[in-house]
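First up is the structure itself, then whatever we jot down about it.
The values are calculated or read from the model by the stated rules, or taken from the named source; none is laboratory data. Here the structure is a predicted model, which means the values were calculated and not measured. We place every Cβ from the backbone using ideal geometry, glycine too, and count neighbours over all the protein chains shown.
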Amino acid sequence: MLEMCEKSYAKVNIFLKISDKRDNYHELVSRFVRVHNLYDIVSFIKTSRRGINIIGDFGCKMESNTVYKAYKLIEDYENVKDFFENHSIKIEKNIPEFAGLGGGSSNAATFLIMANKYCNLNLSKDELCEIAVKIGADVPFFVYEYDSANVTGIGEIVKKFDEEILNIDTITPKIKCNTGEIFKIFREKFYKQISKEESNKLLNMKSLDILKEFDIKKANDLYEPALSLYSDLEDYSKKDWYFSGSGSSFFKVNNGK
Ligand SMILES: C[C@](O)(CO)[C@H](O)COP(=O)(O)OP(=O)(O)OC[C@H]1O[C@@H](n2ccc(N)nc2=O)[C@H](O)[C@@H]1O
Ligand SMILES: Nc1ncnc2c1ncn2[C@@H]1O[C@H](COP(=O)(O)OP(=O)(O)OP(=O)(O)O)[C@@H](O)[C@H]1O
């Protein structure tokens, strides 16, 4: 039987700076990097079941699953409903949730890429990105399948960044970081926005050079607000370790060590 399965990688944010407000959202300037040694596996499995079926160990009901949201956005495309009438979607989860590692976002993007292929939708990456932005800010990055990318806007502008593959370790404290709460505290107590000059400088620097220059607080604008909400994060803040997204994960880049 044709093996229909793909790796759904985690991501870390080498740096994450806020560049502006957009209504009650925030525009970002960030380097996203895929973590090659941490991924979920998304598979399409032939079954006789009727209707959309997602198999996996999730902390949410099906209707809240990012993959279900992605399916609902493409169900009216030709072939899609028929295909998923007799194929279940199985997700082997390894990426921890609420971790700042983009687990749910990565699954949704990987599902869109696979559905595009196996349902012969012939959508371009940019067309897939138009669907992805409706699911969450981190989904477009995963749609393009770049190892490193500069991500701006509210995650919808993704530009490939050429650099060596980074060897990344992550640790994820058992602290459920609420992204919305962290952005709220950032806006109320820690608000600042990066200048155009500083943005352009960072967007053209290699990730390893940025991490030589920046400490954990300077690299990620969300770290201090997260720390003010979840003080236990302090216990994990060690030399050469940085904070990913809205947490709770910390990461270390091992190249050239
Ligand atoms: C922090 C990052 O993970 C960086 O990679 C992303 O920007 C998070 O984006 P996301 O997954 O779409 O975030 P969600 O968990 O859906 O957003 C929860 C809440 O966080 C706030 N939020 C999120 C993203 C963003 N750019 N600005 C925000 O202000 C909004 O109040 C939103 O309702
Ligand atoms: N496919 C999925 N895998 C994991 N969690 C999911 C999925 N779909 C929805 N969720 C729910 O989304 C919420 C956040 O999950 P997760 O943290 O993996 O997503 P994310 O927003 O992409 O990552 P990040 O932690 O970087 O914000 C959790 O409540 C989780 O239950």
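Is it true that SER30 is in contact with a Phe, Trp or Tyr (Cβ under 9 Å, 6 or more places away or on another chain), over 30 Å from ASP209 (Cα atoms) and either without any contact (Cβ under 8 Å) to a residue 24 or more places away in the chain or within 15 Å of ligand 2 (Cβ to nearest atom) (or both)?
So SER30 does not fit the description; no.
Of all residues in the stretch 233-257, which are closer than 17 Å to ILE185 by Cα and either free of Cβ contacts under 8 Å to residues at least 12 places away in the same chain or surrounded by fewer than 16 Cβ atoms within 10 Å (Cβ to Cβ) (or both)?
The answer is none; no residue qualifies.
Could you please find all residues in the stretch 184-227 being within 19 Å of the chain's Cα centre (by Cα), surrounded by 19 or more Cβ atoms within 10 Å (Cβ to Cβ), in contact (Cβ under 8 Å) with a residue 60 or more places away in the chain and not in a loop (DSSP other than H, G, I, E, B)?
SER207, ALA219, ASN220
If the Cβ limit is 9 Å and pairs must be 6+ apart or interchain, which residue in the stretch 50-70 that is under 13 Å from LYS93 (Cα atoms) pairs with which residue that is at pLDDT below 90 and within 6 Å of ligand 2 (Cβ to nearest atom)?
GLY59/PHE98
In the same structural domain as GLU224 (by TED's automatic domain parsing), within 16 Å of ligand 2 (Cβ to nearest atom), touching a residue at least 12 places away in the same chain (Cβ under 8 Å) and loosely packed, with under 14 Cβ neighbours inside 10 Å: is that true of LYS176 in this structure?
Numbers: in the same structural domain as GLU224 (by TED's automatic domain parsing): yes; within 16 Å of ligand 2 (Cβ to nearest atom): yes; touching a residue at least 12 places away in the same chain (Cβ under 8 Å): yes; loosely packed, with under 14 Cβ neighbours inside 10 Å: yes.
Considered against the rule, which asks whether it is in the same structural domain as GLU224 (by TED's automatic domain parsing), within 16 Å of ligand 2 (Cβ to nearest atom), touching a residue at least 12 places away in the same chain (Cβ under 8 Å) and loosely packed, with under 14 Cβ neighbours inside 10 Å, LYS176 comes out as yes.
For every residue, the table says whether it meets (1) over 24 Å from VAL158 (Cβ atoms); (2) crowded, with 19+ Cβ neighbours inside 10 Å; (3) away from ligand 1 (no atom under 16 Å from the Cβ).
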site: ILE14; (1), (2), (3): no, yes, no
site: ILE18; (1), (2), (3): no, yes, no
site: LEU28; (1), (2), (3): no, yes, no
site: ASN37; (1), (2), (3): no, no, yes
site: ASP57; (1), (2), (3): yes, no, yes
site: MET62; (1), (2), (3): yes, no, yes
site: SER88; (1), (2), (3): yes, no, yes
site: PHE98; (1), (2), (3): no, yes, no
site: GLY104; (1), (2), (3): no, yes, no
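Looking only at the stretch 104-120, count how many residues are in contact with a Leu (Cβ under 9 Å, 6 or more places away or on another chain) and touching a residue at least 40 places away in the same chain (Cβ under 8 Å).
Of the residues in the stretch 104-120, 5 are in contact with a Leu (Cβ under 9 Å, 6 or more places away or on another chain) and touching a residue at least 40 places away in the same chain (Cβ under 8 Å).
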